[in-house]
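A short write-up of the structure that comes next.
Read-outs: derived from the displayed coordinates by stated rules, not from any lab. It should be emphasised that the depicted structure is a prediction, and the values quoted were computed from it without experimental measurement. For neighbour counting, all protein chains shown are included, and Cβ atoms are generated from backbone atoms with ideal geometry for every residue, glycine included.
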Amino acid sequence: MLLWVALCCRIMNDWLDIMNDWLDILNPPQREAVTHVDGPALVIAGAGSGKTRVITYRVAYLVRECGVAPWNILAVTFTNKAAEEMRERVARLIGEKTPGRLSISTFHSTCAGVLRREATRVGLTANFTICDEHDQHAVVKTVVRELGIDDKEIKPRQAQWIINQAKMRMLGPSDVGRILQSKHEQEYVRIFEAYNKVMARSDACDFEDLILKCVELFQGNDEARQEWAARWPYIMVDEYQDTNFVQYQLLAALAREHRNLCVVGDEDQSIYSWRGAEISNLLDFRENFPEARLIRLEQNYRSHGNILSAASHVIERNRERLGKTLWTERPDGPPLYLIRARTDRDEAGEVVSRIQELHDSHGLPYHEIAVFFRANALSRVVEDRMREWSVPYRMIGGIRFYDRMEIKDLLSYMKLAANPNNDISMLRVINTPRRGIGQKSIDAVLEEAGAKNQTMFVTLKQMAAENRLPRGGKKSVAEFLGLLETWRADVGKLSPSTLLERILSDTGYIEALGDENAIEVVTRRENIDELKASIVQWEKEYLNATLDDYLEMVSLTSATDDFDQKAGAVSLMTVHAAKGLEFSCVFLMGMDNEIFPNRRSIEEGSLEEERRLFYVALTRAKDMCVLSRADSRFYNGRQSWNQPSMFLRELPREKIEDVDEMDYNAVSDFCAVRRQLREDVVREAVGDDEDLLIGGMKSAEREAQRRLDERIIDARRRARQRRDEEKTAGTDELRPGVRVRHPLLGVGEILSAENAGDDRKLSVLFEDGSEETLYARFARLKVIEA
DNA sequence: TACTATCCTCTTTTT
DNA sequence: GAGGATAGTA
């Protein structure tokens with residue numbers, strides 16, 4: 001036990017990185033990247049090569065060894081989760097008590113922060129609203145209707161898509177007009193223009209605007225650009241392969257003089273081209289920054305050899321790559337397994353029963369297991385099976401908490417209190433709960449607002465003052481406006497949670513939900529309680545934060561951000577959501593043509609990105625990877641029959657076996673070692689801090705795995721040596737005093753030997769103390785020492 | 001104006 | 001299969 005405490009303490013130390021030679025933990029290329037200080041650098045970091053470690057260590061290195069102030073470093077990621085994790089790790093490395101002073105955040109929140117400061121320079125107010133895609137869709141829809149465009153001819157979704165794609169490339173309506181030629185397509189230009197007008201009028205930004213407006217500010221106002229560039233003399237970017245044009249422009253504007261831009265990425269994991277990501281940003285980095293240092297991280301610390309070589313084999317078919325060769329010190333481990341099922345239900349059943357087997361009989365914790373699929377729609381079948389068999393699971397992604405109807409309603413009220421000119425929120429709640437303001441009244445207000453180019457709030461006030469409201473809604477509108485005014489007046493004084501309470505009681509929202517015994521209403525009420533609790537929690541965490549801060553956090557939180565691997569549950573998610581994560585055992589479902597790769601990519605011949613996605617899925621697995629498919633499945637509302645995925649044929653044949661051959665040793669070895677790393681021992685080493693405990697366990701597991709692998713490698717090496725050294729024993733060599741090895745019984749010493757016919761009868765004392773009588777011809781003994 | 005029933009379309013991935 | 005739009009009814 002004492003030994004384990006000692007071991008755990010050592011692991012803790014590793015993990016807390018409080019050793020003096022804190023950089024010793026890095027391998028040579030990692031170290032090179034971490035200690036690269038001035039000038040641009042491009043770090044090509046293969047899957048599982050310690051990318052996050054490099055980024056966090058480099059930030060820490062700049063602070064600890066180069067005297068750079070934490071707030072002078074900007075580290076950009078794509079998800080809040082990645083930012084959060086990085087912030088914690090850096091804070092630990094530099095012993096920073098207030099990690100808030102570190103500028104580690106997503107592109108979107110970084111830019112939102114800049115815009116709040118620079119509001120007046122970009123034509124916004126400091127409490128502008130951030131619209132998510134739902135809000136955006138609503139705006140586009142109203143715009144389409146207002147312009148009198150037939151939404152059967154022009155789909156609002158399509159228009160929204162074009163607007164976003166244009167903004168990512170810094171193209172305005174007129175550019176779109178030039179690119180899209182047909183008369184029919186010119187409607188998009190009108191929609192785009194009108195959309196921008198509504199957004200400007202509402203003092204609102206969509207996701208793309210956040211970045212776009214920053215870049216426009218920096219490009220149009222050199223003073224502002226230089227101020228911000230001076231604030232962040234060191235810039236790091238994670239997942240650089242996922243940056244789009246406008247994001248590149250942002251980085252380029254900030255780094256123009258100091259050029260301290262260190263980007264980390266992997267072209268093989270570029271899976272967001274549909275969101276404008278330009279893989280060329282990575283591939284051409286050295287054309288834009290010719291003096292950039294190129295560093296490759298090619299050692300994989302995550303996967304068994306077989307998983308890694310299967311994945312590498314797949315990705316080698318791609319042409320759009322710089323090329324790299326990942327290698328691992330880990331042993332081969334088991335091959336990949338394939339589940340072939342008749343139907344999607346059978347497929348899911350087989351997956352779930354394998355999961356139970358892994359967990360119940362081999363001790364693999366649920367949180368080390370994940371199920372991936374190409375599209376969200378595929379999750380249903382597994383979820384059903386999981387519930388049926390009582391396997392705890394968590395669906396990552398899917399609908400965000402903040403996207404639930406009642407939550408959106410209440411947040412809209414809060415947004416209106418912060419900024420009553422937000423027409424999007426106004427439309428959402430003007431008649432929720434019902435207050436008799438019907439479609440007719442709303443249309444009238446909208447029409448007048450559009451004509452005068454002013455917001456609904458302003459228009460409503462005018463109409464109320466001039467007594468021009470439609471009869472039905474007159475009184476309620478007056479009341480509603482009154483409420484808005486009082487909330488607005490109190491925003492500065494009230495905390496977000498008290499404001500929410502006020503809104504709930506003033507509007508009677510909860511009562512209006514209806515019968516409190518209806519299941520649906522019960523869940524809605526629960527959600528509202530959860531919202532209240534989460535705001536209170538948030539206020540405790542960020543003491544001086546304002547309502548705007550809260551609303552910004554909510555808008556920029558994604559469905560995958562609240563993912564928490566410590567929950568004792570299997571993780572279910574799309575392959576996209578899986579990027580950056582790792583699990584002992586990964587199940588990848590729906591390996592069928594038209595599913596993965598999906599139909600669109602086959603039709604468009606854009607298979608490289610699908611293949612990268614497949615590569616990402618495979619490289620998440622540490623010990624075991626199970627693929628599954630079904631001959632027929634229920635998809636898109638009807639039965640379909642699919643051929644096995646073409647990607648299955650791209651796997652090396654010798655690396656994939658039927659699931660019935662499954663060898664659980666890969667995980668049970670891991671689990672055995674893990675069992676020795678008892679949680680209570682780790683707890684003793686780290687105290688009661690839950691995060692430390694989880695981090696400690698994870699790092700202890702990693703250490704356990706490393707030791708296990710080391711043992712396996714070592715045993716193999718010795719076995720090889722023995723094979724070379726040992727000669728097959730001739731019978732004449734078998735005489736008393738000679739040490740021999742028996743394939744089953746181990747090492748022993750010959751006590752006596754006598755000829756028996758043409759064989760030799762031996763008595764051998766083995767190391768475990770047993771004495772055996774053996775016949776030399778059958779025993780296949782090998783002489784170790786004569 | 002409010003509520004319900006039925007039909008239609010669209011489903012890749014998400015900050 | 002689910003959400004949204006539309007039409008019909010109270």
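If I model a spin label at residue A:69 and residue A:316 as a point 7 Å from the Cα along the Cα→Cβ vector, what separation in nanometres do I get? According to this spin-label approximation, the distance is 5.2 nm. Of interest is the spacing of the C-alpha centroids, which for the range A:274-294 and the range A:331-346 amounts to 37 Å.
Shape class of the range A:238-384 from the Cα gyration tensor (axes a ≥ b ≥ c, square roots of the eigenvalues): prolate, since a/c reaches 1.5 or more and a/b is larger than b/c. The charge dipole of chain A, taken about its Cα centre with unit charges on the Cβ atoms of Lys, Arg (+1), Asp and Glu (-1) only, comes to about 1160 debye. Amide H contacts of residue A:625 (H built 1.01 Å from N, in plane; Pro and chain starts excluded): A:337, A:586 sit under 5 Å, all sequence-distant by 5 or more or on other chains.
The length gained by stretching the chain between residue A:145 and residue A:665 to full extension, at 0.36 nm per residue less their Cα-Cα distance, is 181.0 nm. Each pair of Cα atoms in the range A:376-516 enters the Kirkwood radius, and Stokes-Einstein at 4 °C and 1.567 mPa s then converts it into a translational diffusion coefficient of 75 µm²/s. The amide H of residue A:328, built 1.01 Å from its N in the peptide plane, has A:300 as neighbours under 5 Å, considering only residues 5 or more places off or on other chains. Computed from Cα positions, the angle between helix A:665-676 and the longest principal axis of chain A comes to roughly 80 degrees. Measure nothing but the geometry: give the 0 to 90° angle between the long axis through the Cα atoms of A:2-16 and the longest principal axis through the Cα atoms of chain A, rounded to 10°. Its long axis makes an angle of about 40 degrees. Among the GluC sites (Glu not before Pro) found in the range A:339-438, not one is both in a DSSP coil and sparsely packed, with 10 or fewer other Cβ atoms within 10 Å of its Cβ.
For chain A, leaving out every one of the chymotrypsin sites (Phe, Trp or Tyr not before Pro) that falls in a DSSP loop and has at most 13 other Cβ atoms within 10 Å, the longest unbroken run is A:1-388. For the pair residue A:119 and residue A:489 in one chain, pulling the backbone fully straight at 0.36 nm per residue adds 131.1 nm over the alpha carbon distance.
Of the GluC sites (Glu not before Pro) found in the range A:241-328, those that fall in a DSSP loop while having at most 16 other beta-carbon atoms within 10 Å are A:257, A:291, A:298, A:316, A:320. Quick check: the angle from helix A:305-315's long axis to the longest principal axis of chain A, C-alpha only, nearest 10 degrees? Here the helix axis deviates by roughly 50 degrees.
Placing pseudo-labels 7 Å out from each Cα toward the beta carbon at residue A:747 and residue A:157 gives an inter-label distance of 6.9 nm.
When A:202, A:390 are sorted by how many other C-beta atoms sit within 10 angstrom of their C-beta, beginning with the fewest, the order is A:390, A:202.
For the pair residue A:604 and residue A:478, the difference between a 0.36 nm per residue extended length and the Cα-Cα distance amounts to 39.9 nm.
What the Cα convex hull of the range A:534-632 gives, in volume per residue, is 156 Å³. Sequence-ordered 3J(HN,Hα) estimates for the range A:544-552 from the Karplus curve with 6.51, -1.76 and 1.60 and θ = phi - 60° stand at 9, 6, 9, 4, 4, 4, 4, 5, 5 Hz, glycine and proline given as x. The H on the amide N of residue A:130, modeled in the peptide plane, is under 5 Å from the matching H of A:205, each at least 5 residues off or on a different chain.
Residue-wise HN-Hα couplings along the range A:510-520, as the Karplus relation 6.51 cos²θ - 1.76 cosθ + 1.60 with θ = phi - 60° gives them from phi, are 5, 4, 5, 5, x, 2, 6, 9, 5, 3, 4 Hz; Gly and Pro carry x. The range A:350-406 and the range A:424-441 have Cα centres separated by 39 Å. The Cα-based radius of gyration and maximum Cα-Cα distance (Dmax) for the range A:61-210 are 19.9, 63 Å. Between the alpha-carbon centres of the range A:117-189 and the range A:583-621 there is a gap of 31 Å. Do any trypsin sites (Lys or Arg not before Pro) in the range A:180-271 lie in a DSSP loop with no more than 11 other beta carbon atoms within 10 Å, and if so, which? Hits after loop and neighbour filter: A:183. With the cut-off at under 12 Å, measuring from each backbone N in the range A:350-381 to a point 7 Å along the Cα-to-Cβ line of residue A:388 picks out A:350-353, A:381.
The reciprocal of the average 1/r between distinct C-alpha atoms defines the Kirkwood hydrodynamic radius, which for chain A equals 30.0 Å.
With 26 Å as the limit, the listed pairs A:81/A:540; A:197/A:532; A:440/A:461 have A:197/A:532 beyond it between alpha carbons. Between residue A:329 and residue A:653, the distance separating the two model label sites (each 7 Å from Cα on the Cα→Cβ line) works out to 3.5 nm.
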